[in-house]
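Here's the structure we're looking at; comments come further down.
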Amino acid sequence: MLKEFKNFILRGSVLDLAVAVIIGGALTAVVKSLVNNLINPLIGIFVQNTSLSKLYVMVGKARFTYGAFLNDVINFVITAFVIFLLIKVVNKLFPKKPVEEVPVPINEELETLREIRDLLKEG
């Protein structure tokens, strides 16, 4: 059982997934820092607030922090764009090899049965 687990862990797809999760976490931290420390202050200049995430609207006693939502949307868009660029670069560096189609051997009996089926459908 231990040997099977070792074989499972050492498969390429599991290792690739682990690396992707670690890099994704690091990338998220970098993007969050970029948004909080560079983009938010620039937006803050225009909205007269020091931080985008502190913007809110009061409706009755409910407080809607739309700034925090906008902050998360900006984080998502930047992260998605960086991942898109990374995938584009990787696809250029390692192009996929075209898969050769293997001709399916024709089974004459199966083909005859299909013809009979089609004739029965026609009436």
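Scanning the range 31-61 for residues that are aliphatic (A, V, I, L, M) and farther than 20 Å from Phe81 by Cβ, which turns out modelled with the lowest pLDDT? In this case the residue turns out to be Val47. Under the condition of being of a type in the set (Val, Ile, Thr) and under 30 Å from Asn36 (Cα atoms), the residues counted in the range 75-123 number 8.
The values are calculated or read from the model by the stated rules, or taken from the named source; none is laboratory data. All of these numbers come straight from a predicted model, not from anything done at the bench. Neighbour counts are summed over all protein chains in view; Cβ atoms, including those assigned to glycine, are modelled from backbone coordinates with ideal geometry.
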